[in-house]
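The structure appears below as structure tokens.
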Amino acid sequence: SPPLGLAYVASSLEEDGHEVRMVDSRAMGYGLSQIKREISSFCPDIVGLTATTPAIYSAYKVADVVKQVSRDTKVVLGGPHASFMAEDVLRECPSIDFVVRGEGEETMRELLRSIEDPKKGLGITYRERGVIKSTPNRLLIKSLDDLPSPAYHLLPMDKYRADGIRYGVLLTSRGCPFSCIFCCSSRLMGKVWRGHSKERVLYEL
């Protein structure tokens with residue numbers, strides 16, 4: 001499926017005037033060599049990654065590839081695993097410079113504005129002279145309609161197919177008041193339900 005979390009972050013950064021490229025390596029069938037080629041051709045200042053727990057070690061490998069191409073490129077990791085295990089992530093993978101916890105749109109915007117002084121932002125875990133530090137959590141985004149639509153235009157939308165039929169996905173709400181033991185939604189996105197307006201949902205459809 002299209003990585004909507006990254007797509008929301010990408011459109012927010014575009015809105016701030018940044019040049020953004022997205023690489024969905026699973027959809028494109030890329031291995032580490034193809035990812036290395038993409039990084040070398042784009043020469044990004046910052047690479048943002050996301051990972052669930054089963055994919056975390058793959059994310060570490062990608063972070064290592066980024067640093068092989070350019071030691072000066074900053075690597076940021078977000079997503080469920082990093083949000084809950086931020087300090088462990090930085091201890092386990094020296095190639096990751098920052099962890100963005102929770103909702104990433106405003107946190108990434110803020111981090112890019114003060115990349116040399118991350119303690120100015122909220123929801124960030126980072127290293128300072130070898131010591132791992134965390135800034136306070138960021139409050140949940142109250143009005144989801146304030147976010148730009150996900151950057152579908154940066155994704156290989158023709159690659160997403162089920163039984164040969166092209167499909168897309170959209171997120172109509174965030175948060176959940178319940179605490180099901182098999183789901184991280186309420187911890188990651190808050191225990192308060194927040195929905196897009198019906199107008200926004202229809203626009204994205």
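Restricting to segment 126-151, name every residue that is among the β-branched types (Val, Ile, Thr) and either in contact (Cβ under 8 Å) with a residue 40 or more places away in the chain or at positive phi (or both). Walk me through it before giving the result.
Our first condition is that a residue be among the β-branched types (Val, Ile, Thr); within segment 126-151, this holds for 131-132, 135, 141.
Answer for segment 126-151, where residues must be among the β-branched types (Val, Ile, Thr) and either in contact (Cβ under 8 Å) with a residue 40 or more places away in the chain or at positive phi (or both): 132, 141.
Could you go through segment 120-136 and let me know if any residue there is among the β-branched types (Val, Ile, Thr) and in a helix (DSSP H, G or I). Before you say what the answer is, go through the steps one by one.
As a first pass, look at segment 120-136 and keep what is among the β-branched types (Val, Ile, Thr): 124-125, 131-132, 135.
Restricting the remaining residues to those that are in a helix (DSSP H, G or I) gives none.
No.
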TODO: Taking residue 144 as meeting all but one of (1) among the hydrophobic types (A, V, I, L, M, F, W, C); (2) in contact with a Lys or Arg (Cβ under 7 Å, 6 or more places away or on another chain); (3) over 23 Å from residue 193 (Cα atoms), write down the number of the exception.
DONE: (3)
Open item on the list: Whether any residue in segment 179-189 is at pLDDT 90 or above, of a type in the set (Lys, Arg), surrounded by 14 or more Cβ atoms within 10 Å (Cβ to Cβ) and farther than 25 Å from residue 27 by Cα is what I want to check.
Closed with: no
Open item on the list: Whether any residue in segment 42-65 is farther than 21 Å from residue 184 by Cα, out of contact with any strand residue (DSSP E or B) (no Cβ under 7 Å at 6 or more places or on another chain), among the polar types (S, T, N, Q) and free of Cβ contacts under 8 Å to residues at least 40 places away in the same chain is what I want to check.
Closed with: no
- [ ] Under 6 Å between Cβ atoms, at least 6 apart or on separate chains: pull out the pairs that start in segment 176-204 with a residue that is on the phi < 0 side of the Ramachandran plot and end on any residue that is assigned to a helix (DSSP H, G or I) and of a type in the set (A, V, I, L, M).
- [x] 194/144; 196/144
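Scan segment 159-176 residue by residue and report those that are under 17 Å from residue 143 (Cα atoms) and either small (Gly, Ala, Ser) or open to solvent by 50 Å² or more (accessible area, probe 1.4 Å) (or both).
Filtering segment 159-176 down to residues under 17 Å from residue 143 (Cα atoms) leaves 170-176.
Selection gives 170, 171, 172, 173, 175.
The values are calculated or read from the model by the stated rules, or taken from the named source; none is laboratory data. These numbers were taken from a predicted model, which means no experiment stands behind them. Cβ atoms come from the backbone with ideal geometry, glycine included; neighbour counts cover every protein chain shown. The area values use the complete protein model at the heavy-atom level, side chains included, leaving out ligands, DNA and RNA. Shrake-Rupley method; radii C 1.70, N 1.55, O 1.52, S 1.80 Å.
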